[in-house]
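Asker: Before I ask anything, here is the structure I am working with.
The values are calculated or read from the model by the stated rules, or taken from the named source; none is laboratory data. Computed from a predicted structure; not experimentally measured. All Cβ positions, glycine included, derive from the backbone under ideal geometry; neighbour counts span all protein chains shown.
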Amino acid sequence: MTTTSDDDWQAAFDALPVDPPPPPVAHETPQERTTRAHLEAQDWRQGIADRVDPATNAELRRRIAEAIRDAGGDPDRWTEWDDEPPGDGVDDDYHPLQPYLIDWSEFWDADLDEQEWLLEPLFAQRRSHALYAGAKTGKSYLVLAACAALATGRAFLGKPAGEPIDVLYLDFEMSREDLRDRLAEFGYGPDDDLSRLHYALLPSLPPLDTEAGGLALRDAAVAVGAKFVVIDTTSRAIAGDENDADTLRAFYRHTGLLLKQALIGWMRLDHSGKDATKGQRGTSAKNDDVDIVVRLERTDTGQKLTATHRRMSWYPEETVIKVADVDGVMTFTQPLSLTGSGWPAGTKDVADLLTTHGVPLDASARKATEMLRAAGCGKAFKAVSSAMKYRRQAADAAVGDLVENHTETALEGAERGPSADRAPESRARSERGRADGENPAPLQASAALDAAERGEAHPDSDRARARASHVVDAPAGPAERGDLEDVDDEDPFA
């Protein structure tokens, strides 16, 4: 075996050919020499990499270029950045994060939509939701009724009647017959305009925990102008194992994030585990990618919603909904309660302050907070939010009392016959009720008063009394049956 000494290695190294240094360029500045040296070194490194594995490196460069192009960038410009010598800087127009950076000079002056709610107290504006429940508790039933009300502009729970809003609903479970039956139960028919309820029945989409699925859903929502998207249900819309946290992270990265960037709110419906109080079925990561997590439970008279996780303090921790059949139409109402431990301390005082300063009932909590601050009596946002809801419920309760007074007067008049001394007072009450175009109950009471003055009975007398506690959502009809178990032999939530 022949050994080589250090002197031999040194001699061999000295004998290696050495390229002569490049001749200096006439009038080349120090900065230009630095730039030229940088580019020559880069070419030398790239040549080595290509010789090592030219196919692999070419594929890698192709993938990088595609990723930059998909993100809205210019791959050629990206290469130019890499060629820039240190210290020369980069053109801001091509910064990869430029579209996402806050422009502080415009941030506070931007005219943002101040409404916290898309549909109070269920859907928060531009927020991500997860609603879960056990089987046959009515989660899809409630959400479909709410979406149909949004799309048609009907009043529903805390939202008054207004302009229709586009909603995209992905239903991976029901049939056309099921959908038709449910909409009919909510009082919809061929004469109702449901064109803004973009209902995708049993859609064939790439899984929403993949890039293709997320892009397809985002593009579809943007195409129809949707402000809210419902995914019913999660397990049927993903490819990965719902017990794997990576599946939900992929769902958010590919779908949830894209919808949020497009300022579109969304809700993911899901099943609970064997014990509903322990959360959604599958990985606990289902609580991490949304702003609000709500558990729905069935009660004797309807449903109860409990927010188990929420990023916004103004989203209610608990909501009780009464579901009842009124004249063959399923209605959803919130029991009015102005007392009890449900309101934070000082709520009524803040509500009185809002009334004193003329804050409109339909103002957002943010706007109301700003108005109080401008008046020199600022209050915390959470307190103002509770007070605004308190005021709206108080207004609803006042309308109910007014209807009850109209109805009692009508019933008494029908039994007594015409009375010259009481008719003017009854007529005045009736006219006050007529002014509320969105509330059919005072109109029924008014019709009953007309009959009473003529000494006649009126079929709407009983109906008006029944309508006193359902002035927002329920259509005119016979007296309400309060308990769901007595409504129908068929379970409305099935």
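Asker: Restricting attention to segment 254-280, report how many residues are surrounded by fewer than 18 Cβ atoms within 10 Å (Cβ to Cβ) and β-branched (Val, Ile, Thr).
Answerer: Adding up the residues that qualify gives 1.
Asker: Let me ask something else about it. Any residue at all in segment 317-340 that's in the same structural domain as ASN243 (by TED's automatic domain parsing) and basic (Lys, Arg)?
Answerer: yes
Asker: Counting only residues that are part of a helix (DSSP H, G or I) and of a type in the set (D, E, K, R), how many does segment 196-219 have?
Answerer: 3
Asker: Here's another thing I want to ask about it. If you go through segment 107-116 one residue at a time, do you hit one that is modelled with pLDDT of 70 or more, part of a helix (DSSP H, G or I) and exposed (fewer than 11 other Cβ atoms within 10 Å of the Cβ)?
Answerer: Taking every residue of segment 107-116 in turn, at least one turns out to be modelled with pLDDT of 70 or more, part of a helix (DSSP H, G or I) and exposed (fewer than 11 other Cβ atoms within 10 Å of the Cβ).
Let's see how each residue does on (1) without any contact (Cβ under 8 Å) to a residue 24 or more places away in the chain; (2) in a helix (DSSP H, G or I):
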{"site": "TYR132", "(1), (2)": "no, no"}
{"site": "SER140", "(1), (2)": "no, yes"}
{"site": "ALA151", "(1), (2)": "no, yes"}
{"site": "ILE165", "(1), (2)": "no, no"}
{"site": "GLU173", "(1), (2)": "no, no"}
{"site": "ALA184", "(1), (2)": "yes, yes"}
{"site": "GLY187", "(1), (2)": "no, no"}
{"site": "PRO190", "(1), (2)": "yes, no"}
{"site": "LEU194", "(1), (2)": "no, no"}
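Asker: Looking at segment 296-324, which of its residues are of a type in the set (Gly, Ala, Ser) and in contact with an Asp or Glu (Cβ under 9 Å, 6 or more places away or on another chain)?
Answerer: Matches in segment 296-324: ALA307, ALA324.
Asker: Checking SER284 against (1) closer than 28 Å to ILE165 by Cβ; (2) hydroxyl-bearing (Ser, Thr, Tyr); (3) surrounded by fewer than 15 Cβ atoms within 10 Å (Cβ to Cβ), which test does it fail?
Answerer: (1)
Asker: Let me ask something else. For segment 158-195, which residues satisfy the criterion of being closer than 24 Å to ARG391 by Cβ and surrounded by fewer than 21 Cβ atoms within 10 Å (Cβ to Cβ)?
Answerer: GLY158, PRO160, ALA161, GLY162, GLU163
Asker: If you don't mind, there's one more thing I want to ask. Hey, can you tell me all the residues within segment 343-370 that are in a helix (DSSP H, G or I), within 16 Å of LYS382 (Cβ to Cβ) and not polar (S, T, N, Q)?
Answerer: Taking segment 343-370 first, the residues in a helix (DSSP H, G or I) are 347-356, 365-370.
Pick out the ones that are also within 16 Å of LYS382 (Cβ to Cβ) and you get 347-351, 353-354, 365-370.
Result: LYS348, ASP349, VAL350, ALA351, LEU353, LEU354, ALA365, ARG366, LYS367, ALA368, GLU370.
Asker: Within segment 229-241, track down each residue that is in contact with a helix residue (DSSP H, G or I) (Cβ under 7 Å, 6 or more places away or on another chain) and buried (at least 20 other Cβ atoms within 10 Å of the Cβ).
Answerer: First, pick out the residues of segment 229-241 that are in contact with a helix residue (DSSP H, G or I) (Cβ under 7 Å, 6 or more places away or on another chain): 229-230, 232, 238, 240-241.
VAL229, VAL230, ASP232, ILE238, listed by residue number.
Asker: May I ask you to list pairs of residues, at least six apart or on different chains, whose Cβ atoms are under 6 Å apart, with the first in segment 240-260 being free of Cβ contacts under 8 Å to residues at least 60 places away in the same chain and the second being in a helix (DSSP H, G or I) and among the small types (Gly, Ala, Ser)?
Answerer: Hits for this filter: GLU242/SER235; ALA245/ALA285; LEU248/ALA285; HIS254/GLY214; THR255/GLY214; LEU258/GLY214.
Asker: Sticking with this one: Take the conditions under 30 Å from LYS274 (Cα atoms), crowded, with 21+ Cβ neighbours inside 10 Å and in contact with a strand residue (DSSP E or B) (Cβ under 7 Å, 6 or more places away or on another chain) and apply them to ALA151. Does it pass?
Answerer: No; evaluated as a whole, the condition is false for this residue.
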